[in-house]
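Working notes for the structure below.
The values are calculated or read from the model by the stated rules, or taken from the named source; none is laboratory data. Quick caveat, the model's predicted, so the values are computed rather than measured. Cβ placement follows ideal geometry from the backbone for every residue including glycine, while neighbour counts extend to all protein chains displayed.
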Amino acid sequence: MGKPAHGGNLVWASALAGCPPSAILDFSASISPLGPPQSVLTAIQSQLGNLRHYPDPNYSDLRNALSHFHNLPSEWILPGNGSAELLSLVGRELSQLEATVLLTPAFGDYYRALAAYNAKVLEFPLISADFKVMIANSVNSADFKVLSSEFLNKIMTQQCHFAQRGQPSEVWCSMHLPANFSESASGLSALILNNPHNPTGMLFSREAILSCLDKFALVVVDEAFMDFLPPTQDQSLIEVVQDYPNLIVLRSLTKFYSIPGLRLGYAVAHPDRLLRYIAWRDPWSVNTLASVAGVAALKDKQFQASTWEWLPKARQQLFEGLSQITGLQPFLGAANFLLVESKYSCVELQQRLLKNYQILIRDCQSFPQLGDRFFRVAVRTELDNMRLLTALKEIRDRS
């Protein structure tokens with residue numbers, strides 16, 4: 001069995017660890033440990049008798065629930081079989097443009113979706129080669145600082161600016177732009193980015209992204225982790241989609257509500273664009289159980305509030321614990337995961353954690369700019385976090 005490109009492959013991990021998949025403590029997939037909510041499980045149970053029928057091809061109940069949740073007309077929303085299906089539809093459209101700009105390291109599915117239709121890709125690194133630079137104004141649980149509104153404009157220049165809290169001075173990283181950038185990244189090109197950014201956890205400001213909308217024919221913002229920020233702190237662009245026909249926002253319902261096995265996401269974009277996507281894709285891509293689960297999840301205000309209360313404390317606990325382990329440097333981000341720089345081989349570390357502790361972390365070899373000296377871990381419960389930290393300390397002490 002080949003090594004997975006994504007996190008969360010418990011079958012692969014259990015084969016390496018020599019235990020059942022259920023015995024693996026999974027830090028590799030950034031899924032909330034608090035769910036699924038009981039409201040979602042109850043909704044699924046209530047619909048088991050409807051498995052003998054085809055789903056509503058228009059997903060009217062789910063679209064209406066999303067419409068109410070975001071205060072948008074339902075025709076501006078398209079549910080999908082996870083964000084992966086929606087990315088494939090977006091990739092088909094992007095292939096018709098001259099080029100697509102990716103800020104790297106980038107989520108691997110962007111490359112898959114673009115390569116499927118032979119779309120041209122222009123890469124622009126967010127970080128320096130030695131990773132001395134990471135997050136502008138490192139976030140903490142009480143005071144989220146977002147990247148300045150000027151940042152994304154600076155992909156039109158030769159360098160970008162990051163300042164890290166606690167650093168004695170400001171640090172700059174070269175963007176290594178190709179000579180023909182001003183021509184390539186024009187109104188005939190597109191931009192894809194995720195916010196918060198995966199795998200760094202960076203949070204771009206709403207204003208920063210909006211400043212790019214007049215520079216690209218199409219801007220795709222993947223907000224798969226945005227719902228982990230409470231409404232007072234999130235930087236979602238969903239509320240302005242109706243003002244920008246060249247804007248697409250992708251969202252996931254699987255990470256926040258802990259239902260990745262159901263595969264459920266949605267796109268928010270101009271209705272004409274979504275009608276084109278509907279014509280391109282297979283029918284009934286969202287199954288009955290996923291649809292009712294989504295409706296129930298969106299209504300569960302208590303679960304949402306509990307998650308927003310849990311995450312900052314748990315993330316800070318994990319960050320501080322990792323910071324105290326010699327050879328590890330975590331980078332505090334805005335999502336439910338942490339990126340960690342390691343002085344040790346992360347592939348070797350991953351294998352030792354699996355074989356000796358049945359713990360799975362996400363190595364970053366699928367992010368070419370990071371390689372074998374970085375790994376990513378999800379934020380889990382206090383007990384789970386302590387189990388990981390204890391294992392890492394033991395491995396360090398034995399090295």
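Assorted remarks:
- Selection count where residues are crowded, with 19+ Cβ neighbours inside 10 Å and more than 20 Å from Tyr344 (Cβ to Cβ), scope segment 313-330: 2
- Summed over segment 349-368, the residues that are surrounded by fewer than 16 Cβ atoms within 10 Å (Cβ to Cβ) and more than 23 Å from Gly18 (Cα to Cα) give a count of 1.
- Just one of the listed residues (Asn9, Asn71, Asn81, Asn50) is out of contact with any helix residue (DSSP H, G or I) (no Cβ under 9 Å at 6 or more places or on another chain) and polar (S, T, N, Q), namely Asn9.
- Selected residue (only one of Trp308, Trp280 is of a type outside the set (Gly, Ala, Ser) and closer than 18 Å to Asp234 by Cβ): Trp308
- Single residue of segment 13-39 satisfying the filter (outside any loop (DSSP other than H, G, I, E, B), assigned by TED's automatic domain parsing to the domain that holds Gln350 and free of Cβ contacts under 8 Å to residues at least 40 places away in the same chain) that is surrounded by the most Cβ atoms within 10 Å (Cβ to Cβ): Ser14
- Considered as a group, the residues in segment 84-115 that are among the polar types (S, T, N, Q) and modelled with pLDDT of 90 or more include one that is nearest to His197 (Cα to Cα), and that residue is Thr100.
- Scan of segment 220-269 for residues that are β-branched (Val, Ile, Thr) and at pLDDT 95 or above, ordered by number: Val220, Val221, Ile238, Val240, Val241, Ile248, Val249, Thr254, Ile259, Val268
- Look at (1) in contact with an Asp or Glu (Cβ under 9 Å, 6 or more places away or on another chain); (2) assigned by TED's automatic domain parsing to the domain that holds Tyr59; (3) of a type in the set (S, T, N, Q) and you find that Gln317 fails only one, number (2).
- Residues of segment 333-348 satisfying the condition of being surrounded by fewer than 21 Cβ atoms within 10 Å (Cβ to Cβ) and not hydroxyl-bearing (Ser, Thr, Tyr): Glu341, Lys343, Val347, Glu348
- Residue satisfying all of: in segment 213-240; more than 18 Å from the chain's Cα centre (by Cα) and buried (at least 21 other Cβ atoms within 10 Å of the Cβ); farthest from Asp272 (Cα to Cα) among these: Phe216
- Which listed residue is farther than 30 Å from Phe27 by Cα and at pLDDT 95 or above, from Leu210, Leu275, Leu298: Leu275
- Among all residues of segment 12-34, there is at least one that is modelled with pLDDT under 95 and aromatic (Phe, Trp, Tyr).
- Residues of segment 40-82 that turn out to be surrounded by 15 or more Cβ atoms within 10 Å (Cβ to Cβ), assigned to a helix (DSSP H, G or I) and among the β-branched types (Val, Ile, Thr), as a count: 2
- Per the listing Glu85, Glu123, the residue uniquely acidic (Asp, Glu) and in a helix (DSSP H, G or I) is Glu85.
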